[in-house]
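Let me begin by presenting the structure, written as structure tokens, before commenting on it.
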């Protein structure tokens, strides 16, 4: 699927036909891939890498364009079971246009933010900046989910809450790797600023993007360390909750067994005391209740609870 964008009133707006500043290819089919490789001279390996979610960010200079791949978080759905996934976006920067290739249809542009420059390089930097902002938004969601799971773990012994917390930790590891990969890409872009011919506005945006990416990485690292350190603590809480429950059940079992033993002793089919006493039933009940009271007194003195 193909989409075209142009700048109208300092905003990127979708248009129907060429000429356009930005052309987006979403999950390109074989015909579109053939056009990109044979007509626009895109490297076939790089093109296929843009559709690989495990591909690292990188920057390559071709004779007629600059090719780069950067990482962005995928849109989260409830079916993912707290697993936040990462996707790759390929950008091919020509002198007068920008080609964007990605595997799924997700919103890349923030239509409400005005553009200070109308060059393809500026739009590309805004795309990367938007991806970093998307990471920050997901980190806030992960932090909120983590706090909610911690409360559930404190009140429950179900393994699924711990598994969900472990899945969040796994997502944060992926995020750290992707954000760090974007950091390497941004460093390469800055070093190649003169070769790319970046303007003053584009250089300032690149600096701001590097700062935001650095802060995003530190925030993801903090969340990852917190979740990782809490995993053992939460596992210990679950084990402690189980121990408390087992202790309670044992105390209840013993409390029931003590009067049962008294009653069982007077239920044997042999000659026993009180068998001809008309008040034998009430005496036995009194002994059973007395045994429970004695157990409760012993329980309190020993501070078993």
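The values are calculated or read from the model by the stated rules, or taken from the named source; none is laboratory data. What you are looking at is a predicted structure, and each value in this text was computed from that prediction instead of being measured. No Cβ is skipped: glycine too gets one built from the backbone with ideal geometry, and neighbour counts run over all protein chains shown.
When residues in the stretch 42-68 are screened for being assigned to a strand (DSSP E or B) and in contact (Cβ under 8 Å) with a residue 40 or more places away in the chain, 5 of them pass. Just to be sure, is residue 251 assigned by TED's automatic domain parsing to the domain that holds residue 153, touching a residue at least 40 places away in the same chain (Cβ under 8 Å) and surrounded by 14 or more Cβ atoms within 10 Å (Cβ to Cβ)? Spelling it out, it is not the case that residue 251 is assigned by TED's automatic domain parsing to the domain that holds residue 153, touching a residue at least 40 places away in the same chain (Cβ under 8 Å) and surrounded by 14 or more Cβ atoms within 10 Å (Cβ to Cβ).
Among the residues of the stretch 121-140, the ones that are farther than 15 Å from residue 71 by Cβ and surrounded by 13 or more Cβ atoms within 10 Å (Cβ to Cβ) come to 5 in all. When the stretch 156-176 is filtered for residues that are loosely packed, with under 15 Cβ neighbours inside 10 Å and under 15 Å from residue 55 (Cα atoms), nothing remains.
As a summary of the residue check, residue 6 satisfies the conditions (1) in a strand (DSSP E or B); (2) exposed (fewer than 13 other Cβ atoms within 10 Å of the Cβ) except for the one numbered (2). Here residue 245 does not qualify as at positive phi and outside the structural domain of residue 137 (by TED's automatic domain parsing). Got at least one residue in the stretch 195-202 being without any contact (Cβ under 8 Å) to a residue 60 or more places away in the chain and assigned to a helix (DSSP H, G or I)? Yes, the stretch 195-202 contains at least one residue that is without any contact (Cβ under 8 Å) to a residue 60 or more places away in the chain and assigned to a helix (DSSP H, G or I).
Let's see how each residue does on (1) under 30 Å from residue 178 (Cβ atoms); (2) at pLDDT 75 or above; (3) loosely packed, with under 11 Cβ neighbours inside 10 Å:
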{"residue": "232", "(1), (2), (3)": "yes, no, yes"}
{"residue": "259", "(1), (2), (3)": "no, yes, no"}
{"residue": "276", "(1), (2), (3)": "no, no, yes"}
{"residue": "280", "(1), (2), (3)": "no, yes, no"}
{"residue": "285", "(1), (2), (3)": "no, yes, no"}
{"residue": "291", "(1), (2), (3)": "no, yes, no"}
{"residue": "295", "(1), (2), (3)": "no, yes, no"}
{"residue": "302", "(1), (2), (3)": "no, no, yes"}
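Please go through (1) farther than 24 Å from residue 15 by Cβ; (2) at pLDDT below 90; (3) exposed (fewer than 13 other Cβ atoms within 10 Å of the Cβ) for residue 118 and return the number of the only condition it doesn't satisfy. That leaves (1) as the condition not met.
Selection within the stretch 13-22: residues that are surrounded by 13 or more Cβ atoms within 10 Å (Cβ to Cβ) and either at pLDDT 90 or above or more than 33 Å from the chain's Cα centre (by Cα) (or both). The member of this set that is farthest from residue 49 (Cα to Cα) is 15.
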